[in-house]
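Let me begin by presenting the structure, written as structure tokens, before commenting on it.
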Amino acid sequence: MEINTRNKIKHTLDWLLIGIGVISLISFIAIIGFYLNDFWYDFFSITGGITLILFVLQEAARWLIQSKLFEYLKSRIIENTIAGIALLTLIFPDSSLELISYAFQGLSLNEISLFFIALSQIAVILSILLRGLRYNNLFSKFNFHSGAIIAASFLIVIIAGTLLLLMPRAVMEGKTISFTDALFTSTSAVCVTGLAVVDTSSHFTGIGKIIIITLIQIGGLGLMTLTTFFAVVFAGGLSVRVKVFMKDLLSQESMTEGASLLKRILLFTFLVEYIGSLLLYLSLGGSLINIDKHLYYDCLFHSISAFCNAGFSIYSDGLMFHTIQSNYIYLSVIMALIVLGGLGFYTMMDLSRNNFRFKNRRFLKTSTKLILITTLGLIVSGCLIMFIFEQNNPETSTWYETVFHSLFLSVTARTAGFNTLSMSMVSSATAMVLIILMWIGASPGSTGGGIKTTTFAVMMITLLNIIRGKDRVEVFNREIAPENIRQSSMVMISSLIFLGFGTTLLVWIEPQLNPLDLIFEATSAIATVGLSRNITTTLTDSSKIILTILMYVGRIGVFTFFLSLHKPEAEPRYKLPIEKIMIG
């Protein structure tokens, strides 16, 4: 077969595949998101079967036009495996239904059939996405700032999540959700914040909760990170332009390190979340022999939410739930997950290279040392201060409870958002401490927000060095680059400006509320924490929109957001006379 003919057939099959993908996506959304009557049930059953047949046929056609079939099958092993499973499903539909009914006992025959159709559409969509990732060289046609790409990727996921949460089957029967509340919830999940305007437990169905936890996972890792990972693993690599972009995104010195680091990040994330879910499950008395699927699902949800520093809970009272608030093993696992997620992937990778031996600290990077010391210092100092301020808290009866919950608050304020004490009951002094901790946030390259521990540490070290009369900023026998000092000051200033502007608007719109509560809420939003003094559900739609913007900007980074609005300009070649300005 001539090359031109082969290319024309391939082009036609690509367009056919796009059409199949659109139909599969519509079918999947209709099945999982809407209540179908008999007519539509039959319609999507037939449509699902047709799309499967067309998908298998177009894959078979691709096999026939290949000059080197074995190499093609080897390079497209994932897509061909999906096509093989789809073919077996078409030949043995009854066996497939029996397998689903065994795995998901308790579902009705109608629900099993719908689940089967949904799974088949997911397989088709997945195959198309993997094939689409092979065209990542299209990325090179768009000459955008990396910050603009990150901002756009988060915005796309937020909009998709909003539309999915608006589906009838995402919320409980008899309940509805407005566009503003759906947008707020989607943004809070994608930006791993945890602020909620509706009760996640009672307002959303199982499908709605799956949508939320999926948004949390995507938001915690970042859409570009996930997309690039799948392109590396399943789609045969990356274009040079994408490698350069990921090098900048992951702050790596070499383009070749990006793919390896991505794999380690994903492996580390899923492994920690899985181990965390098992520990949570066992702490609640779960059995590994007779597994309680509902209990394990709850634990998996909270493990992902904790590691991603999201703060979402599927209990109405959050971690103040009566079976959890006094379960110190459960809460300790949550704290460990929060800390691991908040330390950042690069810190964990640096520690792993040294086999987690702190005696090898001289081989650790300076940023890793700063992160570890600052994190420990903030947690311990926050715990001690809040222990002093919360002596008269009515929700703690012993000094041990006060110490433990103070420690938990100190950890969770670092952008996690879980709480074991009611925020409206803590003292104003404690609320001020929490605002500071929330504003500082987690570490660079983590799932958390805030200005980041390294920014805070560099600014404090710079201040101390200036007080001592030193021109150079030094730490751990290293001099901090002037560029890092300038970036840290810009991050801090831009965060304060955005936070101040947002808080002012909230105080203006909500004059009936305590200004401290509004400052607390705004800081929680921009630092993507999720703690609230129980005012989120009482806010007007205008205030919710402001908080939505604060969460979005806070997740991508205020400084990064500002950079994304303007393309960098070349530095002028001339120099102007230097003149000193009076400061202070």
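Every condition in (1) within 25 Å of Thr185 (Cα to Cα); (2) at pLDDT 85 or above; (3) within 18 Å of the chain's Cα centre (by Cα); (4) not hydroxyl-bearing (Ser, Thr, Tyr) is met by Leu271 except one, and the failing one is (1). Could you check, for region 451-467, whether at least one of its residues is within 30 Å of Thr560 (Cβ to Cβ), of a type outside the set (S, T, N, Q) and in contact with a Phe, Trp or Tyr (Cβ under 8 Å, 6 or more places away or on another chain)? Yes, region 451-467 has at least one match. Each residue in region 406-430 was checked for being hydroxyl-bearing (Ser, Thr, Tyr) and within 22 Å of the chain's Cα centre (by Cα), and 3 of them qualify.
Looking at region 155-171, is at least one residue in contact with a Lys or Arg (Cβ under 8 Å, 6 or more places away or on another chain), of a type outside the set (S, T, N, Q) and either outside any helix (DSSP H, G or I) or open to solvent by 10 Å² or more (accessible area, probe 1.4 Å) (or both)?
Checking region 155-171: not a single residue is in contact with a Lys or Arg (Cβ under 8 Å, 6 or more places away or on another chain), of a type outside the set (S, T, N, Q) and either outside any helix (DSSP H, G or I) or open to solvent by 10 Å² or more (accessible area, probe 1.4 Å) (or both).
Starting from residues that are aromatic (Phe, Trp, Tyr) and more than 20 Å from Gly318 (Cα to Cα), keep the ones in region 491-537 and report whichever is nearest to the chain's Cα centre (by Cα). Selected residue: Phe498.
When the criteria are applied in full, Leu378 meets the requirement of being in contact (Cβ under 8 Å) with a residue 40 or more places away in the chain and either in contact with a Pro (Cβ under 8 Å, 6 or more places away or on another chain) or surrounded by 14 or more Cβ atoms within 10 Å (Cβ to Cβ) (or both). Looking only at region 534-544, residues that are open to solvent by 60 Å² or more (accessible area, probe 1.4 Å) and not β-branched (Val, Ile, Thr) come to 3 in all. Taking the condition farther than 22 Å from Met349 by Cβ, among the hydrophobic types (A, V, I, L, M, F, W, C) and exposed (fewer than 14 other Cβ atoms within 10 Å of the Cβ), does Val403 pass? Judged against the criteria, Val403 is not a match.
Annotation note: Cβ proximity below 8 Å between a residue of region 36-64 that is more than 17 Å from Val22 (Cβ to Cβ) and open to solvent by 80 Å² or more (accessible area, probe 1.4 Å) and a residue that is in a helix (DSSP H, G or I) and modelled with pLDDT of 80 or more (sequence gap 6+ or interchain) occurs for Trp40/Ala30. The residue pairs whose first member lies in region 494-519 and is under 21 Å from Asn534 (Cβ atoms) and among the hydroxyl-bearing types (Ser, Thr, Tyr), whose second member is modelled with pLDDT under 90 and in a helix (DSSP H, G or I), and whose beta carbons are closer than 6 Å, counting only pairs six or more residues apart or on different chains, do not exist in this structure. Against the condition of a type in the set (Ser, Thr, Tyr) and either assigned to a helix (DSSP H, G or I) or buried (at least 18 other Cβ atoms within 10 Å of the Cβ) (or both), how does Ser313 come out, does it pass? Answer is yes for this residue.
Select from region 510-533 the residues that are part of a helix (DSSP H, G or I) and either open to solvent by 50 Å² or more (accessible area, probe 1.4 Å) or modelled with pLDDT under 90 (or both) and list them in ascending order.
Of region 510-533, the ones part of a helix (DSSP H, G or I) are 515-526.
Those that are part of a helix (DSSP H, G or I) and either open to solvent by 50 Å² or more (accessible area, probe 1.4 Å) or modelled with pLDDT under 90 (or both): Pro515, Ile519.
Residues checked against (1) modelled with pLDDT of 85 or more; (2) surrounded by 15 or more Cβ atoms within 10 Å (Cβ to Cβ); (3) in contact with a Cys (Cβ under 6 Å, 6 or more places away or on another chain):
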residue: Ala235; (1), (2), (3): no, yes, no
residue: Lys243; (1), (2), (3): no, yes, no
residue: Lys247; (1), (2), (3): no, yes, no
residue: Gly285; (1), (2), (3): yes, no, no
residue: Ile291; (1), (2), (3): no, no, no
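The values are calculated or read from the model by the stated rules, or taken from the named source; none is laboratory data. The shown structure was predicted, so the numbers you read here are calculated from the model rather than taken from an experiment. Positions of Cβ are backbone-derived with ideal geometry, glycine not excepted, and every protein chain shown enters the neighbour counts. All accessible areas refer to the heavy atoms of the entire protein, side chains included, with ligands and DNA or RNA removed. Shrake-Rupley method; radii C 1.70, N 1.55, O 1.52, S 1.80 Å.
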